[in-house]
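Presented below is the structure to which this report refers.
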Amino acid sequence: MTGAARSADPSQAHCPPPPSASDLYGSPLPGLALALMQRRWTGVERERIRVAADALRRRLAGNTVTYVINRNLNSSNICRLRCGFCAFRRDEGEAGAYRLSLEQLGERAAEARRLGATELCLQAALDPQARLRGSHLAWAEQLLRHLAAAAPGAHLHAFSPQELLFFAQADRLPLDAVLLRLRQAGLGSVPGTAAEVLSERIRRVICPEKLSARAWVTVMLQLQRHGLTATSTLMGGHIEQAADRVAHLLTLVALQRHAWQHHNRGFSEFVLLPFIGASAPAPLRQRVGRDQPDTEAMLLLTAQARLLLGPWFVHHQPSWVKLTLPQAIEALRWGCDDIGGTLMEEHITTMAGAGGGTCQTPQDLQRAVCSIGRPVRQRTTLYGVPPVDDAFHPAATGLPS
């Protein structure tokens, strides 16, 4: 391996040391967390956990439910990796493979802005042909600038840690240089996907070709150094065990503590992503034995995550695409305070066989939240209040404000 190639490995890059969790792992918290995850709770006990999570949500985030008007842009599903759970990826020339042009992406971005979107969420497969003058990073820079011009004022929430690492490795650049150039091109924040479960034992089965758990953590540390905020995720409900979930959640806490200690925001929210098996590759689908999420188990995990992440994660969000909107609304009683985004289009989860749909209007989300008697408001990507010109006005649709 050349020196240039080694520098693209985030574990070799110049970055802060991994966050110390000594005060977590030297405390009774891991043992208590494992007990919370492992125990088979009765119906009465489940309700107590729900009430406790809901009370913590109310104390940290208040009673108002938030949502963001956004659009997903999945530019291509042609991917050099193969993951054991992914029904989205295709090979070049395979049935169902697609690659959107810069012009098509710009048109969709402009349409989203006209419809009131304040955020564009960009995630895609690792497309070997997504290059400009031989550079994957130059292509990403061009894409960001093109979308910023097509949708002025939209926040660009783009490129998972896996994609960022791919740019660095493919172009043989330090990750620091990649992040600096993407920020200059308009990158606003990063989706914290590709985490799946931060357990090497599990990753060897479900995504052996993906970045390691250690690499994902190190990318997050680099993002913190650059002042970039990211979301955090956990894909649950497949072959992971209680100990894997606990290790994942406590790793997120350690990263968030590190961010706050260095006066960075760190993670903006936590999103639980239930496994969808309907169209997943056969080996994992057969091993899990379930096509759709076990909603009762996922609601309990929602509450457990709220309790374990504690004050370090104010905002928790369910996935209405994976759970369906009615079950995502139910999750608002189990510790969540945000209902996510309108999306306008969605391909990754839908191609896996999810039944939640691909789009919600602001009216859809507001009606759903109002049905449980909670106030609701629009937010920005980073949970601010949208400028007046960007705000969705429910009075114009007859919805309660």
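The values are calculated or read from the model by the stated rules, or taken from the named source; none is laboratory data. Nothing here was measured: the structure is a model prediction, and the numbers come from that model. Don't worry about glycine lacking a Cβ; one is built from the backbone with ideal geometry, like all the others, and counts go over all protein chains shown. Ligands, DNA and RNA are stripped out before the accessible areas are found, and what is left, the full protein with its side chains, is counted by its heavy atoms. Shrake-Rupley method; radii C 1.70, N 1.55, O 1.52, S 1.80 Å.
Between the entries [x] 27, 62, 10, 0; [y] 24, 48, 24, 3, 1; [z] 27, 56, 17, 0, the label attached to P(r) over Cα pairs in 20 Å bins from 0, in percent calculated for this structure is [x]. Amide H contacts of residue 119: 71, 155, each under 5 Å away and 5 or more positions distant or on a separate chain (H built 1.01 Å from N in the peptide plane; Pro and chain starts excluded).
For the listed peptides 355-366, 281-292, 308-319, a ranking on the average number of other beta carbons within 10 Å per residue, highest first, reads 308-319, 355-366, 281-292. Across the range 151-166, coupling constants 3J(HN,Hα) worked out from phi with the 6.51/-1.76/1.60 Karplus curve, θ = phi - 60°, read 10, x, x, 6, 7, 9, 9, 8, 6, 5, x, 5, 5, 4, 5, 4 Hz, and Gly and Pro carry x. Per atom type, the range 217-320 shows carbon and sulfur on 50% of its accessible surface, probed at 1.4 Å.
With a cut-off of at most 16 other beta carbons within 10 Å, and DSSP calling the residue loop, which GluC sites (Glu not before Pro) in the range 162-249 qualify? Please list them. Kindly include the intermediate steps, with their values, before the conclusion.
Details: sites: 163, 196, 200, 209, 240; in loops: 196, 209, 240.
Passing both the DSSP loop test and the Cβ count: 209.
Using the 1.4 Å probe convention, the accessible area of the range 81-137 works out to 48 Å² per residue with neighbouring protein chains retained.
From the largest down, the range 175-303 spans 45, 29, 24 angstrom on the principal axes of its Cα atoms.
Above 11 Å lies some portion of the pair distances; for the range 77-128, what is it as a whole percent of all C-alpha pairs?
Roughly 73 percent, rounded to a whole number.
Normalising the average separation of contacting C-alpha pairs (under 8 angstrom, six or more residues apart) by the number of residues puts the relative contact order of the chain at 23 percent. Based on the Stokes-Einstein relation at 20 °C and a viscosity of 1.002 mPa s, and on the Kirkwood radius from alpha carbon pairs, the range 301-340 is assigned a translational diffusion coefficient of 214 µm²/s.
Each part reduced to its alpha carbon centroid, the range 275-290 and the range 85-157 end up 28 Å apart. For the range 139-221, the Kirkwood estimate of the hydrodynamic radius, built from every pair of different alpha carbons, is 13.7 Å.
Evaluated at q = 0.12, 0.13, 0.20, 0.23 Å⁻¹, a Debye calculation over the C-alpha positions of the range 33-84 (equal weights, vacuum) places log10 I(q)/I(0) at -0.65, -0.71, -0.81, -0.91.
Distances between placed amide hydrogens fall under 5 Å for residue 340 paired with 68, all partners being 5 or more residues away or on another chain.
Taking 0.36 nm per residue of separation and subtracting the Cα-Cα distance, full extension of the segment from residue 39 to residue 345 would add 106.3 nm.
When peptides 106-114, 229-237, 55-63, 175-183 are ranked by their average number of other Cβ atoms within 10 Å per residue, the highest-first order is 229-237, 175-183, 106-114, 55-63.
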